[in-house]
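Each reported figure results from applying straightforward, stated rules to the coordinates on display, with no laboratory input. Predicted, not measured: the structure shown is a model, and the values here were computed from it. Please note: Cβ atoms are built from the backbone with ideal geometry, for glycine as well, and neighbour counts cover all protein chains shown.
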Amino acid sequence: MRTAVKKTADLVQPIKQHRPIDMVHLSKQTLGDHGLECEVLRLYEQMIQVYYGRLEASTTQADVLAHLHTIKGASAGIGAWGIAELAKAAEDELRSGAPVNPERIADLEIAVTEVCAFITDILENEPAY
């Protein structure tokens, strides 16, 4: 009986590089227009910083929910799935009657910082449109 021996290279799985924004999704959303893609990234970076700041400054549950909902929708639109999922989870918790989870908001802040750094890296050599 003959046994098959697999080479080490066949057993090694490539490490999937984590990207905070799904660039394939964004490209589809912008119909492959690179200039539009860059502009959407610039606008999203500004928007996410503004709305995260508003979220932190919120004093009512209604305001928190509104800002989380905006963050969730904008993030899903460009493929920032991590932020969209965190915002959705926080929104769902609040709607179910749970208090604001400070750890979830801290996780959201980390994700926002990561996405903004990613966008900065992408756009640093791109002309402003």
Per-residue HN-Hα couplings for region 75-87 [Karplus 6.51, -1.76, 1.60; θ = phi - 60°; Hz; x = Gly/Pro]: 5, 5, x, 9, x, 8, 4, x, 5, 4, 5, 5, 5
Residue-wise HN-Hα coupling along region 40-51, computed from phi with Karplus coefficients 6.51, -1.76, 1.60 (Hz; x: Gly, Pro): 4, 4, 4, 5, 5, 4, 5, 4, 5, 5, 5, 6
Selection from 24, 117, 67, by position along the positive dipole direction of the chain (Cβ): 24
Descending principal axes extents, the chain, alpha-carbon based, whole Å: 71, 42, 22
Sum of side-chain charges, residue 21 neighbourhood, beta-carbon under 12 Å (Lys, Arg +1; Asp, Glu -1): -4
